[in-house]
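Here, each number is a calculation from the coordinates, and none is a lab measurement. Remember, it's a predicted structure, so these values are computed and weren't measured experimentally. Because the Cβ atoms are built from the backbone with ideal geometry, glycine has one as well, and the counts that use them run over all protein chains shown.
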Amino acid sequence: MSILASMTGFARDSGTLPDGSSFVWELRSVNGRGLDLRLRLPPGLDALEAGLREAVGQRVKRGNISATLTLKREDRAPRLTPDPVALESAIALVLAVSARLPGAPVPSAEAVLSLPGVLRAEEQVPDEAAEAARRAALATSFAVALDGLVASRAREGGQLAKILDTLLEEIATLRDAAAVEARDQPVAQRARLLENLANLLGEGDARARVPEERLAQEVAMLAQRSDVREELDRLGAHVTEARTLLASGKAIGRKLEFLTQEFVREANTLCSKSASIPLTRVGLELKAAIERLREQAANVE
């Protein structure tokens, strides 16, 4: 059996950038009607978004996916540089004060530089090459995390395929049981009709008091209304089709969900046409198994 892909998965990847910053990618995936990617990126990294969306679209067909990048910058003290104008003013002021205080020691350079405004943080000139390398490292790590997410969804899909196969086997068995129970429906319908006629007409043989032709017409109408052969044939065909889909190894989620709706329709009609308690009981078990199939099919990509 080919491995399916589930829409549920998780993966992460982490690393360190050339500037010393550490980062973590976390990718989570849950069920969804289509493909919905939600990116959470730190400020200044919006340029990554288009490429990340394209990468996901090439690997994943369905599911609600959230991708979060957590970036922890290395705390570095800003590089300080003297302000030429402020430094000259500070030196002039210190010398003027020292001249007015005979015998006072000359202030040290550290004292002058500690005066407010003398030192300022050096402006960081953007390095385009370093920024490009930073974005490339983050994109590479995202690709690793995406590989992990695809592998996680495949592992989940492997387990899901086994569950679906078991449910289809159960449905096929119940379908065969329903076919056995349905064989006696025409006889049961005729016996029930005669019993009802006897109750309505009183004592005596109902068949003797109702024309045989009329009786045959009524029995034929009842048999037609309670004939479930078409429903059983379609259920068998749906089981075969579902197994073919599971073996195809493609993104079959939408097709399988549509097919489960057809399963439900046939099971409902089977129950509505049932003329016996045993067949109704089998029909209800069939509906329960189909509902479990429908719930699991909603997880398939």
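With r defined as the distance between the Cβ atoms of V85 and S21 and R0 fixed at 30 Å, what FRET efficiency is calculated, to the nearest 0.05?
On the way: r = 35 Å, r/R0 = 1.15.
Efficiency, rounded to the nearest 0.05: 0.30.
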Interchain or long-range residues, amide H under 5 Å from D83's placed H: L119, R120
Gain in span if fully extended, Q159 to T244, counting 0.36 nm per residue against the direct Cα distance: 28.8 nm
Rounded FRET efficiency, nearest 0.05, which uses the C-beta distance separating R12 from E169 and R0 of 30 Å: 0.20
For segment 261-301, the spread of Cα positions along each principal axis, largest first, Å: 40, 15, 6
Cross-link partners of K287 among lysines (Cα-Cα below 21 Å; sequence separation of 8 or more within a chain): K162, K255, K273
Among beta bridges that DSSP assigns inside segment 1-111, antiparallel share in %, nearest 5: 75 percent
From phi via Karplus (6.51, -1.76, 1.60), per-residue ³J(HN,Hα) for segment 156-162 in Hz, x at Gly/Pro: 4, x, x, 5, 5, 4, 5
Cβ crowding within 10 Å averaged over residues, with 276-285, 51-60 ranked highest first: 276-285, 51-60
Nitroxide proxy distance, nm - points 7 Å out along Cα→Cβ at A92 and D227: 11.3 nm
FRET efficiency estimate (nearest 0.05) - Cβ-Cβ, V144 to E257, R0 30 angstrom: 0.40
Whole-Hz couplings from phi, Karplus 6.51/-1.76/1.60, listed for segment 63-73; x for Gly and Pro: x, 8, 10, 10, 10, 10, 10, 9, 10, 10, 6
